[in-house]
Structure formats: C-alpha cells, structure tokens
C-alpha cells in the first residue's frame, strides 16, 4: 500500500495539493491574461499557438481534452486564429474528417514574440526560488502528473470510489496530451 499523506480527521482543503495546484493556475491566469490581452491574445489562444509550436497537441480534440474546453468553444477560438492567419486546418490521411491544426509563418512569428513575455513573468514569479528549489518543484510536478496520468490509464480511479484493476471508463488522453503532462510545469 502506498503512503497515506492525508488523513480524514486532519484534512483541510486549503492545504491539499489539488487546491494548491488549482490556486497556482488561477493566479497564473490572473497574471498572464492581461499581459496577453495587451498583445491581442487570450490565454487559450496563446496556449494553442504554443502547444502547436511544440507539438504537444495537433488537433482540436486534443486541445479540448487537455484544456478541458468544450468543442464548440474551442472551434470558435480556432476559427478566430484561422481568420487572423495564425493557423490553418489541414486534412491528413484517408479519413478526411480528421483535422490537424498547423501554425502559419505568421502564427509562429506571433508565438515567438509572446514567449519572451511568458518567460519574463515566469522568472518574476519564480525569482525567490533557488535553482535547486525550481528544479525540485519541476521534478515533483512532472512526477505527480505522471502518476495522475498512469492512474487514469490503469483505470484505478472511478467516479465516487477508488477501484484497482478496473477499466477506466472516462475519456483517455491522446498521446499528445499525455506528453503534455510532462511539460505542464513549464506553462
């Protein structure tokens, strides 16, 4: 049996890892959204461009699953980026229904100009961390994301209860989204 870090009798939501990760994400959005909006982008638009640049996700479904966006909302964001000439849809292979997204040269140029802004803010936020602390935080986030992904893939978690050995009934993350779990500490 794995180590039990939480106890029901002493559990406090505000100190749980889930709360702390979600709170960090929310604060990060509060910092980044105004910065990106000043340059004509939403956070979701930036993520799409950055993930396409790195090959983390290549089709709208991958973005929907990984980013927890509904397909209608994601289609609107993709349409906006296409209308601006920053990305395009490409049909690949024999199944013409499958669409992949790709950056245009203008899209690559746009994301390359946004990355220094993101890096600057990351460095401000992490400025009080030593190099060892930063590397340890990154290592632990990758380890936790890997364990979460493995738990999903093995079907160890079911709604309402924990079961071992049962098949996972929820949607599996695509390979590109699984790869993103290793990079999630970077964005």
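The values are calculated or read from the model by the stated rules, or taken from the named source; none is laboratory data. No experiment lies behind these values; they were computed from the predicted model shown. So basically every Cβ, Gly included, is an ideal-geometry build from the backbone, and we count neighbours across all protein chains shown.
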Residue tally, condition within 13 Å of the chain's Cα centre (by Cα), crowded, with 17+ Cβ neighbours inside 10 Å and either in a loop (DSSP other than H, G, I, E, B) or at positive phi (or both), over the stretch 40-57
2
In the set 93, 85, which member is free of Cβ contacts under 8 Å to residues at least 40 places away in the same chain, part of a loop (DSSP other than H, G, I, E, B), surrounded by 12 or more Cβ atoms within 10 Å (Cβ to Cβ) and on the phi > 0 side of the Ramachandran plot?
85
Against the condition over 19 Å from residue 122 (Cβ atoms), more than 12 Å from the chain's Cα centre (by Cα) and part of a loop (DSSP other than H, G, I, E, B), how does residue 78 come out, does it pass?
no
Could you grab me the full set of residues in the stretch 61-75 that are in contact with a helix residue (DSSP H, G or I) (Cβ under 8 Å, 6 or more places away or on another chain) and outside any helix (DSSP H, G or I)?
69, 70
A careful count of residues in the stretch 96-132 that are in contact with a strand residue (DSSP E or B) (Cβ under 9 Å, 6 or more places away or on another chain) and in a loop (DSSP other than H, G, I, E, B) gives 3
Here's a check for you: in the stretch 69-82, which residue that is surrounded by 15 or more Cβ atoms within 10 Å (Cβ to Cβ) and closer than 15 Å to residue 43 by Cα is modelled with the lowest pLDDT?
69
